[in-house]
Ligand code: PHB
Ligand code: FE
């Protein structure tokens, strides 16, 4: 059978499934029952399982390409330059690089965002929520079946100052439609008592962050719960696998607030394994600026990600002005 015949048959099958094909620059994206197919110049082709692809795509869209690199897997991903974004095959994979098989294109962030949003919308079937834990959602496989706009149009929650302050993110409650998650039934839901000195009522605030986090219906999606200048405290509930391998462009701190996450740490540029880190409740770790990491959470757990939003940092780390780690022992 000739290659041409095979391609034609394959395309006809894909058309019958009802999914749209998406293109930007010289990249072309197609989906079938089980996979996302990424085509790039030179007859290049990469395949990612559709469940993993949609979960990664959801994060990349919701986080506006995030800080630094979002690796969907060891081959495909995006690098945020805050205004433009590189989309790549093999850029951060030693084998692709050393045999010159990598491919990169730079896009205006808003243009790539539009394509990613369209793809996420068209390729996410009814009943599949890319933000949900696998045990709390349906399957993404098969021919096109409705959509799930409600799930994929959730935006990342970002407090201006702190959850619960006037004109800021509100508390999560049963009445507001945020029940306590099945795996956090043991988390106390009481409120802190705040006794301000007269005249300081507007300057002091506290809320039960454990209760707030226990009511999150999404996984691996940090919400900014408090913000002081560039210091962002982002709490999140984790279950199963972080859908992306995050390549840092600055130091990022993790505080494990409950249960346990196991992290794979690799060199940010080559993907060579650097460390395995098991974090249990109360553990604190700094993720260096030159690594990438992916977490595994066997049971739903609470994590605080502490981000530094200072826009000068990527360049200062990349130039070597700052060491990639925050402490020397
Ligand atoms: C991270 O890449 O640092 C990250 C992303 C999402 C999470 C937790 C950590 O939920
Ligand atoms: Fe990270």
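Read-outs throughout are calculated quantities, based only on the coordinates presented, and are distinct from any laboratory measurement. The structure presented is a predicted model; accordingly, all values stated were derived computationally and were not measured. No Cβ is skipped: glycine too gets one built from the backbone with ideal geometry, and neighbour counts run over all protein chains shown.
Per DSSP helix of 4 or more residues, -39500 (n - 2.57); summed, then divided by the residues of the chain. What does that give at 222 nm, rounded to the nearest 500?
-5500 deg cm²/dmol
Taking a ≥ b ≥ c as the square roots of the eigenvalues of the alpha carbon gyration tensor, segment 85-196 is prolate, as a/c is not under 1.5 and a/b beats b/c. Taking the square roots of five times each eigenvalue of the Cα gyration tensor of the chain, the equivalent ellipsoid has semi-axes of 36, 25, 18 Å, listed largest first.
Label sites at residue 47 and residue 141, each approximated as a point 7 angstrom past Cα along Cα to Cβ, lie 1.4 nm apart.
Direction-averaged projected area, Cα convex hull, segment 7-160: 10.0 nm², rounded to one decimal.
The angle between the Cα long axis of helix 50-62 and the longest principal axis of the Cα atoms of the chain comes to about 50 degrees, rounded to the nearest 10. Dividing the Cα radius of gyration of segment 37-119 by its Kirkwood radius returns 0.94 for Rg/Rh.
With a Förster radius of 30 Å applied to the beta-carbon distance between residue 275 and residue 34, the computed FRET efficiency rounds to 0.35. Counting 0.36 nm for each residue step from residue 189 to residue 299 and taking away their Cα separation leaves a gain of 37.6 nm. Here segment 134-173 is described by how far its Cα atoms reach on the three principal axes: 46, 19, 14 Å, from widest to narrowest. Express the relative contact order of the chain as a whole percentage, based on alpha carbon pairs under 8 Å and six or more residues apart in sequence. Value for the chain: 14 percent. Per-peptide packing, taken as the mean over residues of other Cβ atoms within 10 Å, places 51-60, 138-147, 166-175 in the sequence 51-60, 138-147, 166-175 from highest down. Just check segment 212-278 against the gyration tensor rule for me: Cα atoms, a ≥ b ≥ c as the square roots of the eigenvalues, rounded for a/c under 1.5, and otherwise prolate or oblate depending on whether a/b exceeds b/c. Because a/c hits 1.5 or more and a/b fails to exceed b/c, segment 212-278 counts as oblate. Subtracting the Cα-Cα distance of residue 327 and residue 149 from 0.36 nm times their residue separation leaves 59.7 nm of extension gain.
Compactness ratio of segment 236-329: Cα Rg over 2.2 N^0.38 Å, N = residue count?
1.07
Computed from Cα positions, the angle between helix 109-123 and the longest principal axis of the chain comes to roughly 80 degrees. The long axis of helix 3-17 is offset from the longest Cα principal axis of the chain by roughly 40 degrees. For the listed peptides 311-321, 227-237, a ranking on the average number of other beta carbons within 10 Å per residue, highest first, reads 227-237, 311-321.
Kirkwood-type hydrodynamic radius, segment 155-197: 12.7 Å, calculated from all non-identical alpha-carbon pairs.
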